[in-house]
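Remarks on the structure that follows.
The values are calculated or read from the model by the stated rules, or taken from the named source; none is laboratory data. Owing to the predicted nature of the structure, the values given are computational and were not obtained by experimental measurement. In this analysis, Cβ positions are derived from the backbone assuming ideal geometry, glycine residues included, and neighbour counts consider all displayed protein chains. Heavy atoms of the whole protein, side chains included, go into the accessibility calculation; ligands, DNA and RNA do not. Shrake-Rupley method; radii C 1.70, N 1.55, O 1.52, S 1.80 Å.
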Amino acid sequence: MKRILVLGVGAQGSAAAKRLDKEPNVSEIICADIDQKAVDNVVNSISKGKGALIDAHDKDSIVAAAQGVDLILNGLPLERTKNVLDAALEVKANYQDYAGTTEMYDVWYDAHGGGPGEENAPKFDDKYATMWYYSLKAQFEIYGPKFEAIDRLALIGTGSAPGLICAATRDSMKYLDSCDTIYNIVWEGVIAKRFLPFWWSPITALTDMSEMSLAYDDGVLHNVPAFGLPMERQYEYMDQKVTFREHCHDEPMQYAINAEKYFKGCKNVHFKYAGAGMDFASQLYQAGMLSRDEIDYNGMKIVPFDYALSFLPPAPKYKEEIQAIIDEGLVSDSGCMVIEAYGKKDGKDVLVENHVMAPGLVESFEKAGITAEMYLTGQGGYMFSKLFVNDKLDQKGLISSDMLSMEQVDTYFEYAAELGITLETKIKEL
């Protein structure tokens, strides 16, 4: 029987907690947040829940809540990742989070005398990408051995993207002898009538969208201009052509690092994104409203990014909020998540398309009282947690979600199918 600490019970953490409550191998779920209302909302809706108020700025606050737990599920903002990792090590718990952080590059630099300490490292045009790369290196190479030493596993990047999409990309490797190019393609096609550009954390969304994108081309990680390299796709279940653009995301960096072992020698990876959020953010970006540089405005010092963010509504997470949005009506309730993997099979050029099929907003609400974003991300993460609680993960140390074995990938999608999240695979000779 497993005890689990869910840190941060917002849109994603609350969805995962509600699913874990139904797992027979889970005895208790400690729901922890700085927001008492958020804690009470989840604890009152599940049978195995226990509430805790924590301040994640303070590692000891996390440690106090984590005593005796088997798994810490981190649904907090990315700048808290180091505190949660350190707390997991202190209480000797397994660790899981939803996305990578840029806030651990100091750990790497401190361990290497204040410098990168790595020959032939990627040279990025963007400071953010440099921070991200070395934060990931710090997790793999510094924290990995620490978790291995206590016989525990830290699993990072386990939401919908990264996470679910990484498992689907790994699945596509079954059908190739070698891989040349991977596209991860996501369209957020759920659009409310009210002003609601983001169904997840606005600060996370705008942070990703305000930075240069990451791509992997000809075996080299590099920067690409934000919102650049447009391409069109219209899959058979889409009623319109959609223009996808480059987006700063974890997958190209993770796949690049793991290209030889997990992705059949892949040399090119791009993350392509589209939707109302991207359209909205691209206009802010062109207007300079996503700049982090302080400016003088009528005698006042402001940071455009912070000013723009202050006007954005938070992602809906309470049932009554979501119901109100649906009652007002939707402009669109669609989307796609697709892996295009190009390579060779039996000497022939092949495209493997893996389509992730999942409920839209209305169906997600009917099934679970949550949004489609919560359904895909919170429950995408929950299925990795389910691998933990069912003892399906035998790795120790630290891995990212694209490093599951094929057997674990198959089990993951068995769990997913129970929630109406399925893969449709199409193999096309080129």
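Might you check whether a residue that is polar (S, T, N, Q), closer than 23 Å to Glu373 by Cα and touching a Leu at 6+ places or on another chain (Cβ under 8 Å) occurs anywhere in region 131-154? So that I can check it myself, show each step before the final result.
Quick first cut of region 131-154, residues polar (S, T, N, Q) only: 135, 139.
Next cut, closer than 23 Å to Glu373 by Cα only: none.
Within region 131-154, not a single residue is polar (S, T, N, Q), closer than 23 Å to Glu373 by Cα and touching a Leu at 6+ places or on another chain (Cβ under 8 Å).
Which members of region 2-19 meet the condition of being farther than 11 Å from Val42 by Cβ and either in contact with a helix residue (DSSP H, G or I) (Cβ under 9 Å, 6 or more places away or on another chain) or open to solvent by less than 10 Å² (accessible area, probe 1.4 Å) (or both)? Explain how you work it out, then say what you get.
First, the residues of region 2-19 that are farther than 11 Å from Val42 by Cβ: 2-5, 7, 11-12, 19.
Residues satisfying the conditions are Lys2, Ile4, Leu5, Leu7, Ala11, Gln12, Arg19.
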- request: Please list, ordered by first then second residue, the pairs with beta carbon atoms under 6 Å, 6 or more apart or interchain, first in region 60-71 and free of Cβ contacts under 8 Å to residues at least 40 places away in the same chain, second not in a helix (DSSP H, G or I).
  value: Ser61/Ile54; Ser61/Asp55
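What's the total number of residues in region 158-170 that are open to solvent by less than 10 Å² (accessible area, probe 1.4 Å), part of a helix (DSSP H, G or I) and either out of contact with any Phe, Trp or Tyr (no Cβ under 6 Å at 6 or more places or on another chain) or among the basic types (Lys, Arg) (or both)?
If we filter region 158-170 for residues that are open to solvent by less than 10 Å² (accessible area, probe 1.4 Å), which is where we start, we get 158-159, 162-169.
Next, only the ones that are part of a helix (DSSP H, G or I) stay: 164-169.
Filter once more, so that each one left must be either out of contact with any Phe, Trp or Tyr (no Cβ under 6 Å at 6 or more places or on another chain) or among the basic types (Lys, Arg) (or both): 164-166, 168-169.
Looking only at that region, the number is 5.
May I ask you to verify whether Ile156 is touching a strand residue (DSSP E or B) at 6+ places or on another chain (Cβ under 6 Å) and of a type in the set (A, V, I, L, M)? Before you say what the answer is, go through the steps one by one.
Numbers: touching a strand residue (DSSP E or B) at 6+ places or on another chain (Cβ under 6 Å): yes; of a type in the set (A, V, I, L, M): yes.
Yes: the conditions hold for Ile156.
Listed here are the residues, each with its yes/no results for (1) over 24 Å from the mean Cα position of the chain (by Cα); (2) open to solvent by 20 Å² or more (accessible area, probe 1.4 Å); (3) modelled with pLDDT of 95 or more.
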residue: Glu23; (1), (2), (3): no, no, yes
residue: Lys37; (1), (2), (3): yes, yes, no
residue: Lys48; (1), (2), (3): yes, yes, yes
residue: Ala64; (1), (2), (3): yes, yes, yes
residue: Thr81; (1), (2), (3): no, no, no
field: Residues (β-branched (Val, Ile, Thr) and open to solvent by 30 Å² or more (accessible area, probe 1.4 Å)) located in region 345-379
entry: Val362
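Picking from Glu260, Glu211, Glu188, Glu232, which residue would you name as being of a type outside the set (S, T, N, Q), open to solvent by 20 Å² or more (accessible area, probe 1.4 Å) and farther than 26 Å from Ser135 by Cβ? Full working, then the answer.
Numbers: Glu260 fails: farther than 26 Å from Ser135 by Cβ; Glu211 fails: farther than 26 Å from Ser135 by Cβ; Glu188 fails: farther than 26 Å from Ser135 by Cβ.
It is Glu232.
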- prompt: Would you call Phe305 under 23 Å from the mean Cα position of the chain (by Cα), over 30 Å from Ala259 (Cβ atoms) and among the aromatic types (Phe, Trp, Tyr)?
  reply: yes
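Yes or no, residue by residue, for (1) farther than 18 Å from Val389 by Cα; (2) assigned to a loop (DSSP other than H, G, I, E, B); (3) in contact with a strand residue (DSSP E or B) (Cβ under 6 Å, 6 or more places away or on another chain):
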residue	(1), (2), (3)
Ala15	no, no, no
Arg19	no, no, no
Ile46	no, yes, no
Ala56	yes, yes, no
Gln67	no, yes, no
Leu76	yes, yes, yes
